[in-house]
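Here the structure comes first, spelled out in structure tokens, and everything after it is commentary.
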Amino acid sequence: MTAPDRSPEILESRVVVPTHVVYRSFEGETLLLNLDSGQYHGLNETGGRMLELMKDTHGTVREAIVALADEYGVDAAEIEPDLIAFCRDLADRGLVELVPAGGDGAAA
């Protein structure tokens, strides 16, 4: 069994929604539109909360993991791999930028 990918570069990054992405949260769902690609993306309630914590509430992905784990009553190590994968997926789709803590990024 291989060790989990801790991805320190992601854990120590801030999540920034770029200016070419617009989003809106509804009860139970968050919709994002990448204006560059014209594609809509939907997040369930948990995914929307993850995005909210990473973008609005906490400085780094690592800090958001701790807050999310506390909020849901689970161990941070249990959700860390999922949140890292979530960040990668959003970044790959051009929906967020992962900016090193202290760095500047585009703001929405």
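Kirkwood Rh over alpha-carbon pairs of the chain, then Stokes-Einstein at 25 °C and 0.890 mPa s: what D in µm² s⁻¹, rounded to an integer?
Details: Rh = 14.1 Å.
The Stokes-Einstein estimate is 174 µm²/s.
Taking a Cβ cut-off of under 15 Å around PHE26, the surrounding Lys, Arg, Asp and Glu residues balance to a net charge of -2, with basic ones at +1 and acidic ones at -1. When each of the peptides 78-87, 46-55 is scored by how many other beta carbons lie within 10 Å of its residues on average, the order from highest to lowest is 46-55, 78-87.
What is the magnitude of the charge dipole of the stretch 8-95 about its Cα centre, with +1 placed on the Cβ of each Lys and Arg, -1 on the Cβ of each Asp and Glu, and no other charges, expressed in debye to the nearest 20?
Values: 7 positive and 17 negative charges, 79 e Å.
Result for the stretch 8-95 is approximately 380 debye, rounded to the nearest 20.
Give me the angle, in degrees from 0 to 90, between the Cα long axis of helix 76-92 and the longest principal axis of the Cα atoms of the chain, rounded to the nearest 10. Helix 76-92 sits roughly 30 degrees off the main axis of the chain.
No value in this document is a laboratory result; all are computed from the given coordinates. A quick note: this is a predicted structure, and the numbers were derived from the prediction, not measured. Heads up, the Cβs are rebuilt from the backbone with ideal geometry, glycines too, and the neighbour counts pull from every protein chain shown.
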